[in-house]
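These notes are about the structure you will find just below.
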Amino acid sequence: MRRAARPGRRISAWAPDGDGDGDGGGRPASAQVPAASGEEELLGGGRRPRRIVPLGWAAVLALATLVATGVWYHNRADRAIAVSYSGSTVDNAHAVISGADAAFVRYVRDHHGARSEHARCYFNQVGGRAGTDVSATVFCGPVLFYGGAAPAMYLRYPLSPSGAAVHNHLRLQLGDLPASATPQSLPVDARLERPDCRTLPEGADGVVPPPPPPAPFYAVVRVNGSDLPRLSPAPDTATIGSRNVQVTMRASGFVPYYGHDAHARSAPPGQRLLGFQLQIGQGEIGSLNDAEQPVRIGLALDDGSTRALPLALGDMSTNEPKTRFVVAAVPADARTADLVVRDAGITQRLSILTGVPGKDNIAVLARPATARHGKATSTGRALAKVDASGRQSRTRLTLLLSGAHLGYFSFYGPEHASAPDRALLGLDLYYQIPDDPCPGSACADMFGAKNLVLLPDGGAPIRAHEFTGHDVEFDVPATFHSGTVIISGASRTWSGRIVTLIRPYRVRVSFPN
């Protein structure tokens, strides 16, 4: 007899649109599903089949787990290296290295260095009483400052015990600053280690020397000559002379930097560095110590206010000139930069850019010293009448000439030439009378201003003037080179005798060009 068929399992689903019923929304549908055989079953919303992971991926996951475990094991606290000092265990090794790291980072930042991304500090394990003994130096790097180069890339910080060892344990303390501002090469036999087992980077680790950091805006600093690149020589006329000081600019120019290593500096943004060399010495009459009012030497930009230069004038008491080097940060568009000197109530200027003196400067003191000392020549004797208490006689005077000189200031007083483009011409001119009684081994007298007239070559006659202290001089052009002094008339000696020249006497004076 034939068996009846087993009813099929009924499922529902949403039929898609477009089946011709026109309802626009999908409809439920029913279908008869034949019963599954013993080897086949339809799963309607039951559990999902089990997913099989390929063998290769399982191996990768296992390897990653092992690596992570190894890293943890290698860096776990009880894996850190032992650190000892002179045979005693160091209890604060981690803190010392952490403090060194922080001090190192601060120092490099404050001194504008460039350090490796992996730069750190390390103990140097040298052995000793214990194989884990470290030296008294912590090495930090790699780092470079301006002008540095590999392999000199490690700063050295000093270590010392903070107290005596107790039960073979001690603590170390680190110096605040490196032993040298310049990085050094590592010792050949260095064994650098950290308590956290981080290793030393290879070589320079990509570090390149940084440029010099910028100087402060409008900085004016005194430096050594070796701190500057070569400057351009200044003209011979780049000098300012005054009563108590003479300032000569020997060289000047714009420079890209000044200083060396960690102390090097470049120009601030929008500015340039102007370097110049000055020679500062005694003035025409006295020294800085003789000045009634302090001598001022400064810098003025674009005719603005004057800033004092850091020249240490207090040690200028000797007669030997002193050399000073100065660097100033000036705006890149500055039109003028002037050296300004104020002494004896007179202000003078000199362009640091060109070496040209100001138009109102004392012209004669800008002449070289050799061009301000001249010669005076005469026949040596002059015929004169001598009146001594009513008794008259004739005699020949002996003239004493030791030279001629050009200057601006009177030697004994505050007087000076009538204008900056004028000069005072003085003669060391004296006379002696035979058998004139006087104390000492020798005596001499001076002619007065009324006895002297100067005939400049190619110029009009100039009468002499008498200044404080009986200083007799001629007010002449600062460019004076030669002329003739005519001596005539009567003069009174220190003993009271009246001496009258029988005929005018001539003295020739000349100065080098």
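Any chance you could run the full-extension gain for Lys375 through Ser162? It's 0.36 nm times the residue separation minus the Cα-Cα distance, nm to one decimal.
On the way: separation 213, 0.36 × 213 = 76.68 nm, distance 7.76 nm.
Stretched out fully, the Lys375 to Ser162 stretch lengthens by 68.9 nm.
Could you calculate the contour length gain from Ser86 to Ser393, that is, 0.36 nm times the residue separation minus the distance between their Cα atoms, to one decimal place in nm?
100.0 nm
³J(HN,Hα) across region 335-351 via Karplus (A = 6.51, B = -1.76, C = 1.60, θ = phi - 60°), whole Hz, x for Gly/Pro?
These are the phi-based 3J(HN,Hα) values: 8, 9, 9, 10, 7, 10, 10, 10, 7, 6, x, 10, 9, 10, 10, 8, 6 Hz.
By how many nm would the segment from Trp494 to Ala419 lengthen if fully extended, with 0.36 nm per residue of separation less the alpha-carbon distance?
Full extension from Trp494 to Ala419 adds 23.6 nm.
Distance from a point 7 Å along Cα→Cβ of Ala102 to each backbone N in region 123-147: keep the residues under 19 Å and list them by number.
123, 138-141
So with the 1.4 Å probe, I'd like the accessible area per residue for region 423-513, rounded to whole Å².
Working: 4410 Å² over 91 residues.
The answer is 48 Å² per residue.
To the nearest 20 Debye, how big is the dipole of region 398-500 about its Cα centre, given +1 on the beta carbon of each Lys and Arg and -1 on that of each Asp and Glu? Could you put the intermediate results ahead of the total?
Details: 5 positive and 11 negative charges, 43 e Å.
Computed about the Cα centre, the dipole is about 200 debye.
Using θ = phi - 60° and the Karplus form 6.51 cos²θ - 1.76 cosθ + 1.60, what ³J(HN,Hα) does each residue of region 114-124 get, whole Hz, x for Gly and Pro?
Residue by residue, region 114-124 yields 10, 10, 5, 4, 9, 5, 8, 10, 9, 6, 10 Hz.
Could you calculate the FRET efficiency of His470 with Asp303 from 1/(1 + (r/R0)^6), where r is the beta carbon distance between them and R0 is 41 Å, rounded to 0.05? Could the numbers behind the result be given before it?
On the way: r = 42 Å, r/R0 = 1.03.
Result of the calculation: an efficiency of 0.45.
Give the long-range amide H neighbours of Val453: residues separated by 5 or more places, or on another chain, with amide H under 5 Å away, using H modelled in the peptide plane at 1.01 Å from N.
Ile486
If I model a spin label at Leu400 and Ala444 as a point 7 Å from the Cα along the Cα→Cβ vector, what separation in nanometres do I get?
Output for this residue pair reads 0.4 nm.
Work through the residues other than Gly298 whose Cβ is under 11 Å from its Cβ and net out their charges, Lys, Arg +1 and Asp, Glu -1. Before the final figure, lay out each step's value.
Numbers: positive: Arg296, Arg307, Arg342, Arg349; negative: Asp338.
Here the count lands on +3.
When the solvent-accessible surface of protein heavy atoms is calculated with a 1.4 angstrom probe, in what order do Phe325, Phe276 fall, highest first? Before the final figure, lay out the partial values.
Working: Phe325 45, Phe276 0 Å².
From most accessible down to least: Phe325, Phe276.
What percentage of the solvent-accessible surface of region 270-408, computed with a 1.4 Å probe over protein heavy atoms, is contributed by carbon and sulfur atoms?
Values: 3280 of 7010 Å².
Of all accessible area on region 270-408, carbon and sulfur atoms account for 47 percent.
Rolling a 1.4 Å sphere over the protein heavy atoms, what is the accessible area per residue of region 298-375, to the nearest Å²?
Details: 3740 Å² over 78 residues.
On a per-residue basis, 48 Å².
With the Cα gyration tensor of region 228-348 giving a ≥ b ≥ c as the square roots of its eigenvalues, does the rule (a/c under 1.5 for rounded; else a/b larger than b/c for prolate; else oblate) give rounded, prolate or oblate? Don't skip to the end; give the middle numbers.
Values: a/c = 2.06, a/b = 1.65, b/c = 1.25.
Prolate, because a/c is 1.5 or more and a/b exceeds b/c.
The values are calculated or read from the model by the stated rules, or taken from the named source; none is laboratory data. No experiment lies behind these values; they were computed from the predicted model shown. Using ideal geometry, Cβ is built from the backbone for each residue, glycine included, and neighbour counts are taken over all protein chains shown. For accessibility, only protein heavy atoms count, side chains too; no ligands or nucleic acids. Shrake-Rupley method; radii C 1.70, N 1.55, O 1.52, S 1.80 Å.
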